[in-house]
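Accompanying notes for the structure given below.
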Amino acid sequence: MKFARINRLFGVSGNCFDVAIDHGMFNERTFLAGIEDMKTAIKVIADAGPDAIQLPPGTAPLLQAIPGKQRPALVLRTDIANIYGNPLPSALFSEMIDRAVEQGVALDAACVVVNLLMLPNQPEVYRACVRNVNSLKRECEIYGMPLMVEPLVMQDNSKGAYMVDGAIDKILPLVRQAAELGADIIKADPCDNVAEYHRVVEIAQGLPVLVRGGGRVSDQEILTRTKQLMEQGARGIVYGRNVIQHNNPAGMTRALMAIVHDKASVEGASRHLA
């Protein structure tokens, strides 16, 4: 059943565009822009036809309630962390939802996703994430559920909340660890020099690598970056704020789908935003 679920997640091109709308899981006010009304946000994106939508257990039923056979697959967020604020709380955690894989099966998810967080001077958060991945892996094998691991290297939050560290020498070993822990799919950040991303794809040992979108940037930047990443062997993207906070989220979804699946040029993809 794992391969059947993977086939639901990836299009006939072999690639995947997963729109992340799971930001409300992390209790940060700034993450809610564009998703205050989740029912509407999910329907707008679902109607635009991405391969998948990434949601927590509380709002996943809104996607699965959409009638018909064409709705996007569900990627279920399985963990909660309190690491995104500035200043950071006095005690940090990364906790999994209860019986995560069983919830994924009950919600008809095509995949479950979990963080592998690396923060400066926060070894206990990292240790908790390793435990989370380890506990999910065996359950995923039993239930035939694909496991997406999100190795995320972060900067010190004192530099600004939710700061990704794009240093490739930090990204590579964490991506490789995610593969060694048993990920079926890797969801990894872009590196500072986008031209080096092929190294991330290589270190993942043949696993499909989906690239995280990160913070909001201009249309030209996100489309150009996506084109460069796909040309280096990425198998798709997982973008949230660059879609849901866009003034035309459906158009941006279609533009990115054109690059991910049809190898469209940046200029060609941009026509969907007109």
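The values are calculated or read from the model by the stated rules, or taken from the named source; none is laboratory data. It should be emphasised that the depicted structure is a prediction, and the values quoted were computed from it without experimental measurement. A quick note on method: Cβ atoms are made from the backbone with ideal geometry, for glycine too, and the neighbour counts reach across all protein chains shown. What goes into the accessible areas is simple: the full protein's heavy atoms, side chains included, and nothing from ligands, DNA or RNA. Shrake-Rupley method; radii C 1.70, N 1.55, O 1.52, S 1.80 Å.
Per-residue 3J(HN,Hα) values for region 127-139, derived from phi via the Karplus relation 6.51 cos²θ - 1.76 cosθ + 1.60 with θ = phi - 60°, read 4, 4, 5, 4, 4, 4, 4, 4, 6, 6, 4, 5, 4 Hz in sequence order (x marks Gly and Pro). Using R0 = 41 Å, the C-beta based FRET efficiency linking ARG271 and LEU32 works out to 0.85. By how many nm would the segment from ASN121 to GLN228 grow when fully extended, if each residue of separation counts as 0.36 nm and the alpha-carbon distance is taken off? This chain segment gains 35.2 nm when fully extended. Of the beta bridges in region 56-196, as assigned by DSSP with both residues counted there, near 25 percent are antiparallel.
Normalising by the residue count of the chain, find the relative contact order in percent from Cα pairs under 8 Å and 6+ residues apart. Relative contact order, the chain: 19 percent.
Under 5 Å between amide hydrogens, built in the peptide plane, is the criterion, and for GLN54 it picks out VAL19, ALA20, ILE21, VAL75 among residues at least 5 positions away or on other chains.
Quote the relative contact order of region 201-274 in percent (integer), defining contacts as alpha-carbon pairs under 8 Å separated by 6+ residues. Show your work: numbers first, answer last.
Details: 89 pairs, mean separation 23.8, N = 74.
Normalised by residue count, the contact order of region 201-274 is 32 percent.
A full extension of the chain between GLN245 and ASN193 corresponds to an added length of 16.2 nm, given 0.36 nm per residue minus the alpha carbon distance. Sorted largest first, the spans of the alpha carbon positions of region 1-92 along the three principal axes are 46, 28, 21 Å. The value of relative contact order for region 1-139, using C-alpha pairs under 8 Å at least six residues apart, is 21 percent. The label-point distance for LEU92 and GLU221, in a model that sets each label 7 Å from Cα toward Cβ, rounds to 2.4 nm. Rounded to the nearest Hz, the phi-derived 3J(HN,Hα) couplings of region 224-235 under the Karplus curve 6.51 cos²θ - 1.76 cosθ + 1.60 (θ = phi - 60°) are 5, 4, 4, 4, 5, 5, 5, 5, 9, x, 4, 9, where x marks glycine and proline. Solvent-accessible surface (1.4 Å probe) assigned to ASP169 amounts to roughly 110 Å².
Computed over the chain, the per-residue total of -39500 (n - 2.57) for DSSP H runs of n ≥ 4 gives a 222 nm mean residue ellipticity of -11500 deg cm²/dmol, rounded to 500.
Computed from the C-beta positions of LYS43 and ALA4, the FRET efficiency with R₀ = 25 Å rounds to 0.45.
Pairs over the 28 Å Cα-Cα cut-off, from the set LYS39/LYS137; LYS43/LYS137; LYS69/LYS187: LYS39/LYS137; LYS43/LYS137.
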